[in-house]
Ligand code: PMP
């Protein structure tokens with residue numbers, strides 16, 4: 001189909017792209033599910049549409065209402081798209097660690113942007129999460145989309161992303177690799193693929209080395225929008241309800257350096273411009289695929305486009321400043337695993 005009634009109807013049906021050059025020495029087929037082909041250029045277009053549709057159905061969001069959400073940028077952009085197309089107001093709470101491109105994109109869609117503190121756990125009163133909770137209580141009639149705890153988030157991926165991967169591989173997919181932010185993607189798509197395959201698909205989380213999802217200490221890392229922080233004073237993590245750990249067979253822990261160098265490789269050797277969490281997922285997929293036979297089919301989900309990170313992962317200055325180009329180590333380089 002090439003004619004659509006609204007930009008929102010173009011969400012989904014993203015391509016599965018075979019990786020040909022970064023896979024040198026690997027026998028298995030490795031594909032990138034390229035979510036940057038969504039109109040808002042990320043996987044979060046799907047989540048945003050499902051969250052809003054669900055809220056309209058339940059009556060939580062009325063005509064002309066205000067949407068409030070804490071976001072690493074992409075859910076905000078997805079929601080901004082829906083808000084613009086359907087006549088809602090959007091207040092997006094982001095941290096100052098989010099790329100300037102994402103902040104400007106939110107403003108371009110007419111969203112209002114509020115800052116919360118980066119690199120702190122959700123329960124911190126200044127976190128983007130706590131700030132969004134406060135604003136949603138203060139603004140009359142506001143609805144907080146709550147991607148972290150709203151079941152409509154994983155449902156988007158169970159109903160669409162997972163089935164697309166199954167159909168496009170004609171049921172041959174054997175391994176599914178995705179990062180974990182809210183956990184919506186891996187829970188929904190991974191859960192679906194496990195079920196439809198009768199349990200033969202292995203679901204692998206790709207996680208920054210210091211993220212606490214994969215057993216790290218929860219200290220900061222550079223790849224934005226994936227992983228989980230833990231406050232040094234907090235013994236236990238509060239993990240999002242959107243993340244069902246039961247669907248994940250194992251987690252591959254990937255250092256920042258490996259993620260950003262994979263991002264660079266994808267641009268320069270495959271011609272695919274992606275963001276840091278795609279580098280994370282593909283680095284994990286390549287590590288997994290190295291030990292797999294010829295008939296294995298590995299699908300890595302790539303959340304977004306490199307256009308949002310030209311001043312970060314695609315900038316030699318930024319790479320040098322953070323110690324990724326030379327042997328030196330930058331302040332946040334935590335490359336424990338090979
Ligand atoms: N990468 C990027 C760029 C994202 O925006 C997100 C979502 N915040 C993720 C990864 C993680 O996806 P999920 O929230 O579905 O776990």
Quick check: is even one residue across region 307-319 within 16 Å of the ligand (Cβ to nearest atom), touching a residue at least 24 places away in the same chain (Cβ under 8 Å) and over 25 Å from residue 105 (Cα atoms)?
no
Residues of region 266-277 being assigned to a helix (DSSP H, G or I) and in contact with a helix residue (DSSP H, G or I) (Cβ under 7 Å, 6 or more places away or on another chain), in sequence order, are 266, 267, 276
Just to be sure I understand, how many residues within region 114-130 are buried (at least 17 other Cβ atoms within 10 Å of the Cβ) and either in a helix (DSSP H, G or I) or in contact with a helix residue (DSSP H, G or I) (Cβ under 7 Å, 6 or more places away or on another chain) (or both)?
6
Qualifying position, being surrounded by fewer than 18 Cβ atoms within 10 Å (Cβ to Cβ), away from the ligand (no atom under 16 Å from the Cβ) and modelled with pLDDT of 90 or more, among 246, 323, 271, 328:
271
Quick one: residue 161 ticks every box in (1) buried (at least 21 other Cβ atoms within 10 Å of the Cβ); (2) more than 21 Å from residue 53 (Cα to Cα); (3) within 17 Å of the chain's Cα centre (by Cα) except a single one, so which number is it?
(2)
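Name every residue in region 21-45 that is assigned to a loop (DSSP other than H, G, I, E, B) and either crowded, with 19+ Cβ neighbours inside 10 Å or in contact with a helix residue (DSSP H, G or I) (Cβ under 7 Å, 6 or more places away or on another chain) (or both), in order of residue number. Let's see the steps before the verdict.
Filtering region 21-45 for residues assigned to a loop (DSSP other than H, G, I, E, B) gives 21-28, 38-41, 43.
Residues satisfying the conditions are 21, 22, 23, 26, 28, 38, 39, 40, 41, 43.
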Does any residue of region 274-288 turn out to be more than 15 Å from the ligand (Cβ to nearest atom), crowded, with 21+ Cβ neighbours inside 10 Å and under 22 Å from residue 188 (Cα atoms)?
yes
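Matching residues to (1) within 16 Å of the ligand (Cβ to nearest atom); (2) within 23 Å of residue 277 (Cβ to Cβ); (3) more than 14 Å from the chain's Cα centre (by Cα):
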| position | (1), (2), (3) |
| --- | --- |
| 11 | yes, yes, yes |
| 29 | no, yes, yes |
| 46 | yes, yes, no |
| 78 | yes, yes, no |
| 85 | no, no, yes |
| 93 | yes, yes, yes |
| 97 | yes, yes, yes |
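If the requirement is being out of contact with any strand residue (DSSP E or B) (no Cβ under 9 Å at 6 or more places or on another chain) and at positive phi, which of these qualifies: 110, 87?
Going through 110, 87 in turn, just one is out of contact with any strand residue (DSSP E or B) (no Cβ under 9 Å at 6 or more places or on another chain) and at positive phi: 87.
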Hey, can you tell me all the residues within region 180-235 that are within 13 Å of the ligand (Cβ to nearest atom), in contact with a helix residue (DSSP H, G or I) (Cβ under 6 Å, 6 or more places away or on another chain) and without any contact (Cβ under 8 Å) to a residue 40 or more places away in the chain?
188
Suppose we filter region 211-227 for residues that are surrounded by 24 or more Cβ atoms within 10 Å (Cβ to Cβ) and under 21 Å from residue 246 (Cα atoms); how many remain?
4
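The rows are residues; the columns are (1) more than 21 Å from residue 62 (Cβ to Cβ); (2) in contact with a strand residue (DSSP E or B) (Cβ under 6 Å, 6 or more places away or on another chain).
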| residue | (1), (2) |
| --- | --- |
| 119 | yes, no |
| 136 | no, yes |
| 140 | no, no |
| 148 | yes, no |
| 162 | yes, no |
Assess whether residue 177 counts as being touching a residue at least 12 places away in the same chain (Cβ under 8 Å), in contact with a strand residue (DSSP E or B) (Cβ under 6 Å, 6 or more places away or on another chain) and within 13 Å of the ligand (Cβ to nearest atom).
yes
List the residue pairs whose Cβ atoms are under 7 Å apart, where the first residue sits in region 126-155 and is farther than 15 Å from residue 79 by Cβ and within 16 Å of the ligand (Cβ to nearest atom), the second is modelled with pLDDT of 95 or more and in a helix (DSSP H, G or I), and the two are 6 or more positions apart or on different chains.
154/184; 154/187; 154/188; 155/50; 155/188
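For region 92-113: of the residues being in contact (Cβ under 8 Å) with a residue 40 or more places away in the chain and touching a helix residue (DSSP H, G or I) at 6+ places or on another chain (Cβ under 6 Å), which is farthest from residue 305 (Cα to Cα)? Quick ask: steps written out before the conclusion?
Start the filter on region 92-113 by keeping residues that are in contact (Cβ under 8 Å) with a residue 40 or more places away in the chain, which leaves 93, 97-102, 105.
Next, only the ones that are touching a helix residue (DSSP H, G or I) at 6+ places or on another chain (Cβ under 6 Å) stay: 93, 99, 101-102, 105.
On the way: 93: 21, 99: 12, 101: 11, 102: 11, 105: 13 Å.
Among them, the one singled out is 93.
The values are calculated or read from the model by the stated rules, or taken from the named source; none is laboratory data. A quick note: this is a predicted structure, and the numbers were derived from the prediction, not measured. A quick note on method: Cβ atoms are made from the backbone with ideal geometry, for glycine too, and the neighbour counts reach across all protein chains shown.
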